[in-house]
Amino acid sequence: MLVALDKARFMGLRRPSYTVDQDKCRGCMVCYKAFNCPAITPNGDGRVVIKRVLCTGCGVCEKICPFNAIKPIGHVDERWWSILGLT
Ligand code: SF4
Ligand code: SF4
């Protein structure tokens, strides 16, 4: 991710940020306890939030949430996926 972020900076790309839709989050904690991304943290009411400053934009959390509660904020530039080797 550090290499990807460096490439994005060089290309003038902003990394995407991800957010948790509080209406969809069921508090299953798969993202927090099993996946354990450091950017994901409990919000105090049984659900989770993503701390934007710690989010690298890797997008894995979007794939692992069983309730589709995690989404990018806004459009993700296709070049970002290319940098990550996902296109
Ligand atoms: S995996 Fe999805 S539903 Fe479960 S706590 Fe995380 S964001 Fe909420
Ligand atoms: S996009 Fe990546 S770094 Fe950001 S919260 Fe999801 S898994 Fe964590």
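Considering A34, A69, A39, which residue is at pLDDT 95 or above, touching a Leu at 6+ places or on another chain (Cβ under 8 Å) and at negative phi?
Details: A34 fails: touching a Leu at 6+ places or on another chain (Cβ under 8 Å); A69 fails: touching a Leu at 6+ places or on another chain (Cβ under 8 Å).
A39 is the lone residue from the list that is at pLDDT 95 or above, touching a Leu at 6+ places or on another chain (Cβ under 8 Å) and at negative phi.
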| task | Go through segment 1-34 residue by residue and tally those that are assigned to a loop (DSSP other than H, G, I, E, B), within 15 Å of G57 (Cβ to Cβ) and within 16 Å of ligand 1 (Cβ to nearest atom). | result | 1
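So which of R14, R47 is among the charged types (D, E, K, R) and at pLDDT 95 or above? Break it down stepwise before answering.
Details: R14 fails: at pLDDT 95 or above.
R47 is the lone residue from the list that is among the charged types (D, E, K, R) and at pLDDT 95 or above.
Specify the residue that is farthest from ligand 2 (Cβ to nearest atom); the eligible residues are those in segment 54-80 that are part of a helix (DSSP H, G or I) and in contact (Cβ under 8 Å) with a residue 12 or more places away in the chain.
R79
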| task | Could you list, in sequence order, all residues of segment 50-70 that are closer than 20 Å to R9 by Cα and either near ligand 1 (Cβ under 9 Å from one of its atoms) or touching a strand residue (DSSP E or B) at 6+ places or on another chain (Cβ under 9 Å) (or both)? | result | R52, L54, C55, G57, C58, G59
| task | Would you check if G85 is free of Cβ contacts under 8 Å to residues at least 40 places away in the same chain, on the phi > 0 side of the Ramachandran plot and more than 9 Å from ligand 1 (Cβ to nearest atom)? | result | yes
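Does I73 satisfy being of a type in the set (V, I, T), within 14 Å of ligand 1 (Cβ to nearest atom) and within 25 Å of D6 (Cα to Cα)? Steps first, please.
Values: of a type in the set (V, I, T): yes; within 14 Å of ligand 1 (Cβ to nearest atom): no; within 25 Å of D6 (Cα to Cα): yes.
For I73, the condition - of a type in the set (V, I, T), within 14 Å of ligand 1 (Cβ to nearest atom) and within 25 Å of D6 (Cα to Cα) - is not met.
The values are calculated or read from the model by the stated rules, or taken from the named source; none is laboratory data. Since this is a predicted model, take the numbers as computed values, not measurements. In this analysis, Cβ positions are derived from the backbone assuming ideal geometry, glycine residues included, and neighbour counts consider all displayed protein chains.
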